[in-house]
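Participant: I'd like to ask you about the structure that follows.
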There are 4 protein chains.
Amino acid sequence: MSELKEITELLVKFRNERDWKQFHNSKDLALAISIEASELNELFLWKSNEDVDKNRLKEELADILSFAFLLAEKHELDISSIIKDKIKLNGEKYPIERSKGSAKKYNEL
Amino acid sequence: MSELKEITELLVKFRNERDWKQFHNSKDLALAISIEASELNELFLWKSNEDVDKNRLKEELADILSFAFLLAEKHELDISSIIKDKIKLNGEKYPIERSKGSAKKYNEL
Amino acid sequence: MSELKEITELLVKFRNERDWKQFHNSKDLALAISIEASELNELFLWKSNEDVDKNRLKEELADILSFAFLLAEKHELDISSIIKDKIKLNGEKYPIERSKGSAKKYNEL
Amino acid sequence: MSELKEITELLVKFRNERDWKQFHNSKDLALAISIEASELNELFLWKSNEDVDKNRLKEELADILSFAFLLAEKHELDISSIIKDKIKLNGEKYPIERSKGSAKKYNEL
């Protein structure tokens, strides 16, 4: 079994054992990702760019990824494919020659 | 090569071709995850739980995952391991018998 | 009329003219605040702390405040009072002698 | 003194007593607003639109407003004016005849 499939199955098993599928609608899963992302950001609040508790970073990152994987699973999306598709799309939005060394957004390039 | 390693390498290649590593400090990568998560949430704003443009959901989810993978790569974290570790930890915070069928947070169970 | 009451009335008038009250449930108003806050944060992404387009900062800050005022109005909360109450509460969580010059969260002081 | 000026002065006093101005750069104040907004959203996670602890809603809303007021103060922005300006701008983006009864974003109207 693929790595991504294996992790997803573990997450689904955890969810099902607790009968949580009933709460996991798409809107709330998206909200959960956002809330976990904010918890990750809180680790950096009032601090410099690399001043972070690595153990808590690991946990918050895992929370974000877990809800993202569950939302992907709900919509039967293959994580590997959607990232590859997005890389392709971003390649068009950010052509190397125009975006190299620039932090500008594509609509400001 | 593992799937996760392959995707991460594609993301790193995309970043390096554009010379963007200089911008990708940990705090801003965390901020980027949060901003992409909000764009995902915006798809659901003023709408019911499953009323979502699936194509845009794919793209926003891919953006969140991409920045999360890049932050993991920066800290040399193995995605599969950190999720498995977190599932274990969550199993202690949410024992089946107490959390089954409940949407309460662990500190309110 | 008080300033805060006047602004709130302008916001309510704008909403009512467009028949938008039907969309403004509490959960989506909270989500809207969060989305606008992310748009504010995006102005700073990959940038240093004070490198910001002041005109766009004004607009995003106004959006955040507008949805916050509308959520307060929905729950008949007096903005001035809830902030004063929270300052009092924060005074207990962050006593001057323990928090002076420290960016630590109250539960880590 | 105006209400808004009075609240802002209380917030500045609280900040100064703790010597926190050094932490309150614009980027982190924006981040703080976003984190507080997520805490507000967490009150609604896995719940229906009006199922919220009103006391906690008050507190989270006050936190959001406090950081927003402090960011406005830092940039010498008059809260009343920036909201009125934004209402005017939104009136152009959302003309009544086209936006009435619709939750669509202005670029999709």
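Participant: Mind checking which residues of the stretch A:76-90 are part of a helix (DSSP H, G or I) and open to solvent by 70 Å² or more (accessible area, probe 1.4 Å)?
Facilitator: A:Lys84, A:Asp85, A:Lys88
Participant: So, one more: What pairs come up if the first residue lies in the stretch A:91-109 and is closer than 14 Å to B:Arg15 by Cα and open to solvent by 100 Å² or more (accessible area, probe 1.4 Å), the second is at pLDDT 95 or above and not hydrophobic (A, V, I, L, M, F, W, C), and their beta carbons are under 7 Å apart, counting only those six or more places apart or on different chains?
Facilitator: Here the result reads A:Lys100/B:Arg18; A:Lys100/B:Asp19, each pair linking the stretch A:91-109 to a residue that is at pLDDT 95 or above and not hydrophobic (A, V, I, L, M, F, W, C).
Participant: I'd like the full set of residues that are assigned to a helix (DSSP H, G or I) and either more than 7 Å from every other protein chain (Cβ to nearest Cβ) or basic (Lys, Arg) (or both), limited to the stretch D:12-44.
Facilitator: Once the filter is applied, which keeps residues that are assigned to a helix (DSSP H, G or I) and either more than 7 Å from every other protein chain (Cβ to nearest Cβ) or basic (Lys, Arg) (or both), the stretch D:12-44 yields D:Val12, D:Lys13, D:Arg15, D:Asn16, D:Lys21, D:Gln22, D:Lys27, D:Leu29, D:Glu36, D:Glu39.
Participant: Can you tell me which condition D:Asp51 does not meet? The list is (1) closer than 23 Å to B:Trp46 by Cα; (2) among the acidic types (Asp, Glu); (3) assigned to a helix (DSSP H, G or I), and all the others hold.
Facilitator: Only one criterion is unmet by D:Asp51, namely (3).
Participant: Let me ask another. Check whether at least one residue in the stretch A:45-63 is facing another protein chain (nearest Cβ under 7 Å), open to solvent by 20 Å² or more (accessible area, probe 1.4 Å) and of a type in the set (Ser, Thr, Tyr), and report yes or no.
Facilitator: Within the stretch A:45-63, none of the residues are facing another protein chain (nearest Cβ under 7 Å), open to solvent by 20 Å² or more (accessible area, probe 1.4 Å) and of a type in the set (Ser, Thr, Tyr).
Participant: Let me spell it out: the conditions are (1) free of Cβ contacts under 8 Å to residues at least 40 places away in the same chain; (2) in a helix (DSSP H, G or I); (3) not polar (S, T, N, Q), and B:Ala72 meets all of them except one. Which number is the exception?
Facilitator: (1)
Participant: Every residue in the stretch D:8-48 that is in contact with a Ser or Thr (Cβ under 6 Å, 6 or more places away or on another chain), hydrophobic (A, V, I, L, M, F, W, C) and farther than 20 Å from C:Ala32 by Cα, please.
Facilitator: D:Leu11
Participant: Same structure again: Of the residues B:Ser2, B:Ser48, which is of a type in the set (Ser, Thr, Tyr) and under 17 Å from A:Ser81 (Cα atoms)?
Facilitator: Exactly one of B:Ser2, B:Ser48 is of a type in the set (Ser, Thr, Tyr) and under 17 Å from A:Ser81 (Cα atoms), namely B:Ser2.
Participant: Continuing with the same structure: On the basis of being in contact with a Gly (Cβ under 9 Å, 6 or more places away or on another chain), free of Cβ contacts under 8 Å to residues at least 60 places away in the same chain and not acidic (Asp, Glu), does D:Trp46 make the cut?
Facilitator: Here the answer is no, as D:Trp46 does not meet what is asked.
Participant: Related question: If only one of B:Asn25, B:Asn41 is open to solvent by less than 70 Å² (accessible area, probe 1.4 Å), within 15 Å of the chain's Cα centre (by Cα), over 15 Å from A:Lys86 (Cβ atoms) and at pLDDT 95 or above, which one is it?
Facilitator: Result: B:Asn41 is the single residue among B:Asn25, B:Asn41 that is open to solvent by less than 70 Å² (accessible area, probe 1.4 Å), within 15 Å of the chain's Cα centre (by Cα), over 15 Å from A:Lys86 (Cβ atoms) and at pLDDT 95 or above.
Participant: Given the conditions (1) over 28 Å from D:Ser26 (Cα atoms); (2) without any contact (Cβ under 8 Å) to a residue 40 or more places away in the chain; (3) among the small types (Gly, Ala, Ser), report the number of the one that A:Ala37 does not fulfil.
Facilitator: (1)
Participant: Take the conditions part of a helix (DSSP H, G or I), assigned by TED's automatic domain parsing to the domain that holds C:Lys13 and of a type outside the set (Gly, Ala, Ser) and apply them to C:Lys58. Does it pass?
Facilitator: Details: part of a helix (DSSP H, G or I): yes; assigned by TED's automatic domain parsing to the domain that holds C:Lys13: yes; of a type outside the set (Gly, Ala, Ser): yes.
Spelling it out, C:Lys58 is indeed part of a helix (DSSP H, G or I), assigned by TED's automatic domain parsing to the domain that holds C:Lys13 and of a type outside the set (Gly, Ala, Ser).
Participant: Same structure, new question: Across the stretch A:1-22, which residue is least open to solvent (accessible area, probe 1.4 Å) among those that are basic (Lys, Arg) and over 19 Å from the mean Cα position of the chain (by Cα)?
Facilitator: A:Arg18
The values are calculated or read from the model by the stated rules, or taken from the named source; none is laboratory data. What you see is a predicted model, and the numbers here were worked out from it, not measured in a lab. Methodologically, a virtual Cβ is constructed for each residue, glycine included, from the backbone with ideal geometry; neighbour enumeration extends over all protein chains shown. Note: accessible area is taken over every heavy atom of the protein model, side chains too, but ligands, DNA and RNA are not part of it. Shrake-Rupley method; radii C 1.70, N 1.55, O 1.52, S 1.80 Å.
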